[in-house]
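Everything below concerns the one structure shown next.
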Amino acid sequence: MYRKLAGLVAALSLGACASPYVATPYDRASAGVTGVALVEDSLPEKAIAYEVASVGSNFGLIGALIDTGIQLERQDAVNDALAGIQFDAEGELETRLMSALSAEGYRVAPLPGEARKKRDWLGTYPTAPAGTDAWLDIAVVHYGYMSSGAGQPFRPTVGAKVRLVKVSDGSTLMENQIVYNPLNTMQGIITIAPNPEYAFRNRSDLLADPARLAAGIEDALNQVADTAIQLLR
């Protein structure tokens, strides 16, 4: 469990490194893309509910193990609450992406396939539907809620990697990373400030209103989706 939480911290620091992240900008005029195949299965199986540097982690290995248990129990409670109202984060994101692509003048076709290895782009793309020129691959590294420390409110967070790949030759037409409510400021990565409407004081507040809990995630995913499609203008 301890390693699992350590991996989550790394995921929340999406793209944080010594060198700035260098994106691949999109040139719509030269790309010639009119039809897009939207790769499905973008999100991890569970939302997070993570508190950074919580009190238990400061008391050695035993404290860290207890803290890990608390973190995972909170995460399970949040996911149970979302399941209780049948919130479909994957469906919400896909619907928003398809709507935003259509609004920008692209023909869009969802691309079902085998479950991907989470938190990264696909290594090999399925056959693109007829009439599509590129695969749009959005790999969500994490989504859910995060608190910056003990006593601090939980706010929605999403981290995503976005890539547009040309069907004809496999070249990358656009690549970027987007983080809603980042743990750290990261050079070269698009960051989005959290909506103050969706701040929750603590675990009890998170679970008190599942509809509002889901609305905060939906709002964050929508903003990330809209930002991703803006890169294709």
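Listed here are the residues, each with its yes/no results for (1) more than 22 Å from the chain's Cα centre (by Cα); (2) open to solvent by 40 Å² or more (accessible area, probe 1.4 Å).
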| site | (1), (2) |
| --- | --- |
| 102 | no, yes |
| 105 | yes, yes |
| 109 | no, no |
| 120 | no, yes |
| 123 | no, yes |
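Select the helices (runs of 4 or more DSSP H) contained entirely in the range 1-93, then report the ones holding at least 3 residues which are modelled with pLDDT of 70 or more.
Here the list reads 28-31, 60-84.
Pairs please, first residue from the range 182-201 and at positive phi, second anywhere and among the aliphatic types (A, V, I, L, M) and open to solvent by 70 Å² or more (accessible area, probe 1.4 Å), Cβ atoms under 9 Å, 6+ apart in sequence or on different chains.
Listed pairs, sorted by first residue: 188/22.
Within the group 157, 132, which residue is in contact with a helix residue (DSSP H, G or I) (Cβ under 8 Å, 6 or more places away or on another chain), open to solvent by less than 50 Å² (accessible area, probe 1.4 Å) and outside any helix (DSSP H, G or I)?
When all the criteria are applied, what remains is 157.
Please pick out the residue among 172, 132, 185 that is among the β-branched types (Val, Ile, Thr) and at pLDDT below 95.
185
From the list 212, 163, exactly one residue is of a type in the set (Lys, Arg), in contact (Cβ under 8 Å) with a residue 12 or more places away in the chain and under 17 Å from residue 47 (Cα atoms). Which is it?
Only one candidate qualifies: 212.
Determine whether the range 148-160 contains at least one residue that is touching a residue at least 40 places away in the same chain (Cβ under 8 Å) and within 19 Å of residue 22 (Cα to Cα).
Within the range 148-160, one or more residues are touching a residue at least 40 places away in the same chain (Cβ under 8 Å) and within 19 Å of residue 22 (Cα to Cα).
If I go through the range 191-233 residue by residue, how many of them are open to solvent by less than 50 Å² (accessible area, probe 1.4 Å) and either acidic (Asp, Glu) or part of a strand (DSSP E or B) (or both)?
Number of matching residues: 5.
The values are calculated or read from the model by the stated rules, or taken from the named source; none is laboratory data. Because the structure is a prediction, the values reported are computed rather than measured. Heads up, the Cβs are rebuilt from the backbone with ideal geometry, glycines too, and the neighbour counts pull from every protein chain shown. Please note that ligands, DNA and RNA were not included when accessible areas were found on the heavy atoms of the full protein model with its side chains. Shrake-Rupley method; radii C 1.70, N 1.55, O 1.52, S 1.80 Å.
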